[in-house]
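> Sharing a structure below in structure tokens format, with a few things to ask.
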Amino acid sequence: MIKSLMDQIREINRKYATPEIVMTPFVKWCLLSLRVYLLLLVLLMIVKFVIAARH
Amino acid sequence: MSTETAEALPAAPQIRKDAGMNLAARSFFGFRRMNKAMRMFLAIAGPGIIVMVADNDAGGITTYTTTGAQYGMHLLWFLILLGPVAYYVQEMTVRLGAVTKRGHAEAIFASFGRTWGWFSLLDLVVTDWLTMITEFIGMTAALSIFHIPPVLTVIIVWIIMGSMIMSGRYWTWEKITLVFCLVNLIYIPAAFMVHPSMKDVLWGAFVPHLPPAHGGQPGGFTNTLFFLLMANIGTTIAPWMLFFQQSSVVDKGLKEKDIKFGKLDTAIGSVLTVVVAVVLIIVCGQLLYGKKVDDAAQAAISIMPSSKFIGTVFAIGLFDAGLLGAVCISLASSWAFGEVFGWAHSLNRKIKEAPWFYAYYFFDLVLAGTVVLIPRAPLVLITLFVQVIATTLLPAALVFLIILLNDKKTMGKYVNTRWENIANITIVVAVIATSTLYAVSAIFPGLFGS
């Protein structure tokens with residue numbers, strides 16, 4: 001079952017290897033920065049949640 | 001001159017008669033056109049109303065209740081503002097689904113490639129699963145008011161949700177879900193029964209202002225205010241809603257010519273969602289302002305002594321909200337996985353025809369239901385934090401959506417207009433700014449007051 005799942009994931013990666021929308025490196029960098037920033041905010045909130053839950 | 005007038009006179013009744021016939025004919029054909037349009041709308045309506053009403057899920061009801069108890073009616077204007085926000089975001093999914101015939105997950109994978117595709121799917125899985133937990137928290141809390149133990153509630157929910165999708169027809173599932181949407185409107189009479197001050201309601205609704213200090217709580221910008229603003233945004237627009245409505249539009253088979261009805265469906269839904277949110281804040285603002293209320297179930301219990309009817313309405317509404325949310329969220333995930341993994345993924349398929357699609361649906365249900373049964377889990381805290389985390393992750397999904405809707409090659413004449421882009425980019429910037437302000441207030445609690 002795990003092998004079948006891995007095969008499916010490989011197939012998906014192959015199928016979607018080339019994006020239909022071509023983005024400039026700047027746009028890609030902006031998207032990545034936004035993603036990293038949002039993940040940092042989420043991490044911060046998780047820390048806050050753990051502290052609040054302990055109290 | 002007088003002869004011309006005399007000759008003209010006898011013709012006048014004829015003109016009036018023709019005009020009368022024309023009016024009758026015009027009215028008849030107008031009525032037929034209206035009737036046809038109405039029937040078309042009723043056939044197409046569903047995804048927009050369902051997603052918007054389900055948006056007032058258990059977490060949403062808890063958020064509105066807490067907001068009303070904490071700030072009275074002072075944030076009504078903010079909730080009203082969120083109505084157009086929800087509409088602008090969601091109507092993009094109608095256009096995208098109707099034009100591309102692709103669900104949201106598939107559209108992101110195809111348009112942005114595998115890396116961004118997996119990121120989006122991971123966001124969806126995490127936020128959906130967390131939100132599903134909040135739905136079960138709400139449902140178990142609601143039925144515990146009627147002395148039904150959480151284990152029994154979870155089993156009842158599994159049975160209801162399982163039987164809803166057994167028919168193997170999208171139409172049947174949609175109509176059952178619309179009935180649950182109607183039940184969500186049960187809160188509306190409560191707002192009239194509590195006899196709120198119209199001056200307070202109108203002031204709160206139409207004059208944007210910051211809440212003043214009240215009952216020992218500081219007013220203005222505070223950590224709590226940012227937290228509740230975030231939670232309210234998170235309950236009005238969430239990543240799962242984008243995935244759900246687009247996939248639902250595709251599963252229903254909406255075409256480009258149906259977009260105007262799809263937009264109307266979404267607009268009606270956004271009005272309903274705001275009405276329910278406003279009603280809840282009015283009721284809680286009137287009955288519980290200044291009292292410490294952590295969740296909707298506690299609000300229902302607090303209201304019971306003053307009005308058993310309203311307390312019961314709160315409990316029933318909370319259960320219904322949780323059920324609606326759970327149905328839509330688990331389907332959003334199942335559709336997304338089906339689209340990406342290439343499984344059969346339609347409510348028009350029987351279980352044996354789309355086993356993986358339904359397996360994921362049940363897997364989500366069982367997993368979320370089980371977490372709620374863990375003893376001493378901080379359920380209320382989880383509920384509010386899930387809304388906040390969903391809001392924080394929202395801009396990433398919105399940016400993809402905006403880029404997709406600006407792809408002229410795919411969208412053709414249905415591409416975003418300048419005004420739609422301005423509105424949606426403003427929403428993204430506002431959400432990022434609110435998230436940042438909340439984060440700053442979390443790191444430096446003394447900065448804005450606690």
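The values are calculated or read from the model by the stated rules, or taken from the named source; none is laboratory data. All of these numbers come straight from a predicted model, not from anything done at the bench. FYI the Cβ positions are ideal-geometry reconstructions off the backbone, even for glycines, and counts take in every protein chain you see. To get the accessible areas, we keep the full protein, side chains included, count just its heavy atoms, and leave off ligands, DNA and RNA. Shrake-Rupley method; radii C 1.70, N 1.55, O 1.52, S 1.80 Å.
> Given the criteria within 23 Å of the chain's Cα centre (by Cα) and open to solvent by 10 Å² or more (accessible area, probe 1.4 Å), does B:Ser346 qualify?
Answer is yes for this residue.
> Select from region B:70-86 the residues that are part of a loop (DSSP other than H, G, I, E, B) and not hydrophobic (A, V, I, L, M, F, W, C) and list them in ascending order.
Correct list: B:Gly72, B:His74.
> Among (1) modelled with pLDDT of 90 or more; (2) surrounded by fewer than 16 Cβ atoms within 10 Å (Cβ to Cβ), where does B:Asn416 come up short?
Failed condition: (2).
> Taking the conditions exactly as written (closer than 22 Å to B:Val380 by Cβ and surrounded by fewer than 24 Cβ atoms within 10 Å (Cβ to Cβ)), does B:Gly290 satisfy them or not?
Taking the combined requirement at face value, the residue satisfies it.
> Considering only region B:141-158, state which residues are of a type outside the set (A, V, I, L, M, F, W, C), part of a helix (DSSP H, G or I) and modelled with pLDDT of 90 or more.
B:Thr153
> Can B:Met34 be described as surrounded by 10 or more Cβ atoms within 10 Å (Cβ to Cβ), in a helix (DSSP H, G or I) and modelled with pLDDT under 80?
Numbers: surrounded by 10 or more Cβ atoms within 10 Å (Cβ to Cβ): yes; in a helix (DSSP H, G or I): yes; modelled with pLDDT under 80: no.
Spelling it out, it is not the case that B:Met34 is surrounded by 10 or more Cβ atoms within 10 Å (Cβ to Cβ), in a helix (DSSP H, G or I) and modelled with pLDDT under 80.
> Now, a different point. Do we find a residue being touching a residue at least 24 places away in the same chain (Cβ under 8 Å), open to solvent by less than 40 Å² (accessible area, probe 1.4 Å) and either small (Gly, Ala, Ser) or in a helix (DSSP H, G or I) (or both) anywhere in region B:204-214?
Within region B:204-214 (the criterion being touching a residue at least 24 places away in the same chain (Cβ under 8 Å), open to solvent by less than 40 Å² (accessible area, probe 1.4 Å) and either small (Gly, Ala, Ser) or in a helix (DSSP H, G or I) (or both)), the answer is yes, since at least one residue qualifies.
> Then there is this: Scan (1) part of a helix (DSSP H, G or I); (2) away from chain A (no Cβ under 11 Å); (3) open to solvent by 10 Å² or more (accessible area, probe 1.4 Å) for the single condition B:Met411 breaks and write down its number.
(3)
> Restricting the search to region B:359-389, which residues are more than 10 Å from every other protein chain (Cβ to nearest Cβ), open to solvent by less than 20 Å² (accessible area, probe 1.4 Å) and over 18 Å from B:Ala321 (Cα atoms)?
B:Tyr361
> Going through region B:343-388 one residue at a time, which ones are in a loop (DSSP other than H, G, I, E, B) and farther than 30 Å from B:Thr224 by Cα?
B:Trp343, B:Ala344, B:His345, B:Ser346, B:Leu347, B:Asn348, B:Arg349, B:Lys350, B:Ile351, B:Lys352, B:Glu353, B:Ala354
> If you check A:Ser4 against the conditions, is it under 19 Å from B:Thr392 (Cα atoms), of a type in the set (Gly, Ala, Ser) and more than 7 Å from chain B (Cβ to nearest Cβ)? Steps first, please.
On the way: under 19 Å from B:Thr392 (Cα atoms): no; of a type in the set (Gly, Ala, Ser): yes; more than 7 Å from chain B (Cβ to nearest Cβ): yes.
So A:Ser4 fails the test.
> If the requirement is being among the basic types (Lys, Arg) and free of Cβ contacts under 8 Å to residues at least 60 places away in the same chain, which of these qualifies: B:Arg169, B:Arg114, B:Arg102?
When all the criteria are applied, what remains is B:Arg114.
> Could you run through region A:24-55 and say how many residues are of a type in the set (Lys, Arg), at pLDDT 85 or above and open to solvent by 80 Å² or more (accessible area, probe 1.4 Å)?
1
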